[in-house]
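The values are calculated or read from the model by the stated rules, or taken from the named source; none is laboratory data. Owing to the predicted nature of the structure, the values given are computational and were not obtained by experimental measurement. Cβ placement follows ideal geometry from the backbone for every residue including glycine, while neighbour counts extend to all protein chains displayed. Just the protein is used for accessible areas: all its heavy atoms, side chains included, with ligands, DNA and RNA removed. Shrake-Rupley method; radii C 1.70, N 1.55, O 1.52, S 1.80 Å.
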Amino acid sequence: MARRIAVANQKGGVGKTTTAVNLAASLAADGARTLLVDMDPQGNATMGSGIDKNALAGNSAEGWLVDGAAFEAVARRSPADFALVPANGDLTAAEVALFSAGDRSTRLRSRLAALDADFDYVLVDCPPSLNLLTVNALMAAHGVLIPMQCEYYSLEGLTALLLTIRGVRQRGNPTLAIEGILRTMYDPRNRLSRDVSRQLLQHFGAQVYRTIVPRNVKLAEAPSHGLPAIRYDPRCRGARAYRALAAEVARRAERMENGAGR
C-alpha cells in the first residue's frame, strides 16, 4: 500500500514545492515507485518536474479529479523517473466544481485509493493556502510533511496548520499524522534560525527531521531548467540534503509499517 504524504504549509515561500519535487526525485532514485500529485493551480511542481504546464491540453489534475479522466491519460513521466499528475490554472475551476459535489472533500482520497498497489509513495504538493484542494490532500494523506523556515512568522504558520490538521482528524481522517517537520532554507549564521530550530526540537522532538535543507543557489536554479536539484547538480548541498531526507522518510515509513511508530 502506498504511503500518502501531503507536503503542506499555509505560509508561502517556505520551500514546499522544492521539497515535493526533490523528495519525489530522491525517493525514485532510491528505487521507490513514486507519484507526485500537483494540487497547486500555479503548477510550479509540474514545471519543476520537467513538464510544461502550458501544453497539457486539458489532460491535467483538473480532468482527473473532476471529470473522472483515466489516470493513465493524465499522468506524465518526469525526467527524474517519477510519475506526475500535472496541474495548471485549470485546477482553479476544479475547486469551484468540487464545491457542489457530495464528496467534495474526499474526491482525491478515492482517486488515490485506486492507485495504492501501483506506488510505494504518493506525494501531494498543496497550494499555500487552506482551500478545498488542501483539504482534499489532507483527507487523502496518511501523513503531513511540513516544510518551514526557521523564522518567527513560520512558527505562526505552523500553529495554524496544526489547528487545520486537528480539524481534519475530527472531520474524517482520524489517523492523519505529522509525517515530519523539515527545516528549510536554513542559515546557521543566523541567530534567529538557530533559536527557532531549538524551539522546534524542544516542542516536537522526533517529529522534526534530522535533515536540514540549507540555503542553496542550485536549489533555486534547478526549476528554471525543469529539473530537480539531484538531476541538475547532484553534488550540491541542497541535492545531498534531499537525498538524506528521502532516506529518513523511508526509515520512518518502515517503522510505521512494522508498528513501531517513531
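Contact order, relative form, for the chain: 26 percent (alpha carbon pairs under 8 Å, 6 or more residues apart, mean separation divided by residue count). Charges only on Cβ, +1 for Lys and Arg, -1 for Asp and Glu: so what's the dipole of the chain about the Cα centre, in debye to the nearest 20? Once rounded to the nearest 20, the dipole reads 1020 debye.
Over segment 36-162, the pair-distance histogram of Cα-Cα distances with 5 Å bins from zero comes to 2, 11, 21, 24, 20, 13, 7, 3, 0 percent, rounded to whole numbers.
Which percent of the accessible heavy-atom area of segment 23-137 goes to carbon and sulfur, probe 1.4 angstrom? The partial results should precede the final answer.
On the way: 2070 of 4160 Å².
Carbon and sulfur: 50 percent of the exposed surface of segment 23-137.
Here each label is just a point 7 Å from Cα along the line to Cβ, and for L163 and E72 those points are 4.6 nm apart.
From the alpha carbon centroid of segment 70-147 to that of segment 176-206 is 27 Å. Across segment 178-262, Cα-Cα pairs more than 21 Å apart make up 40 percent of the total. Solvent exposure of segment 218-262, expressed per residue, is 56 Å² of accessible area, with all protein chains present and a 1.4 angstrom probe.
Here, the chain yields an orientationally averaged convex hull projection of 12.8 nm² when only Cα atoms define the hull. Given labels modelled 7 Å from the Cα in the Cβ direction, how far is it in nm from R171 to E221? Each label point lies 7 Å from its Cα, and together they span 4.3 nm. Using a cut-off of under 17 Å, list every residue of segment 175-191 whose amide N is near the label point 7 Å from the Cα of L201 along the Cα-to-beta-carbon line. Once the point is set 7 Å along Cα→Cβ of L201, 181-191 turn out to lie under 17 Å by backbone N, inside segment 175-191. Taking amide hydrogens as placed 1.01 Å from N in the peptide plane, the amide H of L36 sits under 5 Å from those of A83, L84, V85, L123, each at least 5 positions away in sequence or on another chain. Each Cα pair under 8 Å and six or more residues apart adds its separation to the average, and for segment 87-205 the resulting relative contact order is 25 percent. Couplings 3J(HN,Hα) of segment 173-179, computed from phi: 9, x, 9, 4, 10, 7, 5 Hz, in residue order, whole Hz [Karplus 6.51 cos²θ - 1.76 cosθ + 1.60, θ = phi - 60°; x for Gly and Pro].
Say R0 is 22 Å: what FRET efficiency, to the nearest 0.05, do R33 and N258 get from their beta-carbon distance? Present the calculation step by step, with values, prior to reporting the outcome.
Details: r = 20 Å, r/R0 = 0.89.
E(calc), rounded to 0.05, equals 0.65.
So, for segment 107-216, what is the accessible surface per residue at a probe of 1.4 Å, expressed in square angstrom? Could the numbers behind the result be given before it?
Numbers: 4800 Å² over 110 residues.
Result: 44 Å² per residue.
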